[in-house]
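Working notes for the structure below.
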Amino acid sequence: MNNTVPFPEQKRRDDNEQPTAPPPPTGWQRFADPAVDWASDRIEDILDAPTYGWRGMATWLKALIIVTGTALILWATWWGITALIGAVRAAEWHSQGTGLIATMHQPVRDYLQTHTAKLPVSATTAYTAWQLFGTASFIASWWLRATGARLTWAMWGACTTGMIWTASPATGRALATGLAALTWAAVSTLALRGLTLRPSSFVHVHNDIQTPPVHVRPNIHLPQPVVERVEINGRELRSAN
C-alpha cells in the first residue's frame, strides 16, 4: 500500500510566454499614492527637525514657523494697543497731581480737548497716542540710537512745547513753556546720547608708488674651445677639446 501523497502538478512555464502586466491603477489610486507619499515626507521633515536644528530644518517648515510667529506677534501687538486705548477711554479724565508736572501736561490735555471736538478721534485717544509716541520715541532713541526715532523725539518735543504755549494762560504762558523746554532738553541728554555735531573727517591715503618693470635678460657664457694643432705625416689635424 502506497501512502505517499503526490505533489500537485505544477504548470510548466513556457519560455516564450510573456509575464502578465499588473492592472492599471484606478483613479483613486492615482490620487491616493502621491498624496500618501507627500504626507509621509512632510511627517518625516517634522520628526527630523529636532535632530537637525534650525539650519538643517526643511525650508517649508522654516517658512511656516516665521509666518506663524509674525502673525502671533502682530496679533498680540494689536490686541495690546486696542486694550490700552480701551482702558484709557474707560478711565475718568481728571487732572493728575499738581505742581510742575500739572503745569506741563494740563495744557496738553486742554489743547487736545479743544481741538478734537470736530474730529473723529476723541481727546482721550489723542492724549494716549501722544503719550505712546513720546515713550516709544524716547526708548528707541536711547536704546537703539536710531536716526528716525531721534527725529520723532525732536518733533514730539517741538509739538508738545507748541501745545503748552497755545493752551497755557496768558499770565503764565512763558513760564509753562520754559519749564517744558527745559524738561525736554534735560530728558534729551539721554535720548540723544552719543549724538555729535562735529563733522566726520575721512582720511584717505593714496600711495602712488609705481613698481619699475623687471626685465630679465638671460646670458649664457660658454668657455672658448681649445683647439690643438697636430701634424701627422705632413697632414694637419685640428681637434676641439
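Here, each number is a calculation from the coordinates, and none is a lab measurement. Quick caveat: nothing in here was measured; it's all calculated off a predicted structure. Backbone-built Cβ (ideal geometry, glycine too); neighbour counts: all protein chains shown.
Here are the numbers for the structure shown:
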| quantity | calculated |
| --- | --- |
| Enumeration of residues in the stretch 159-187 that are among the hydroxyl-bearing types (Ser, Thr, Tyr) and surrounded by fewer than 18 Cβ atoms within 10 Å (Cβ to Cβ) | THR166, THR171, THR183 |
| Considering residues of the stretch 139-158 that are in contact (Cβ under 8 Å) with a residue 12 or more places away in the chain and not aliphatic (A, V, I, L, M) only, the residue farthest from ALA185 (Cα to Cα) | ARG145 |
| Residue within the stretch 170-179 that is hydroxyl-bearing (Ser, Thr, Tyr), within 14 Å of MET104 (Cα to Cα) and in contact (Cβ under 8 Å) with a residue 24 or more places away in the chain present | no |
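For every residue, the table says whether it meets (1) surrounded by fewer than 19 Cβ atoms within 10 Å (Cβ to Cβ); (2) hydrophobic (A, V, I, L, M, F, W, C).
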| site | (1), (2) |
| --- | --- |
| LEU100 | yes, yes |
| THR114 | yes, no |
| SER122 | yes, no |
| GLY157 | no, no |
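Matching residues to (1) under 30 Å from LEU195 (Cα atoms); (2) within 42 Å of the chain's Cα centre (by Cα); (3) of a type in the set (Lys, Arg); (4) assigned to a helix (DSSP H, G or I):
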position	(1), (2), (3), (4)
PRO107	no, yes, no, yes
THR114	no, no, no, yes
THR128	yes, yes, no, yes
SER141	yes, yes, no, yes
THR152	yes, yes, no, yes
THR171	no, no, no, no
LEU175	yes, no, no, yes
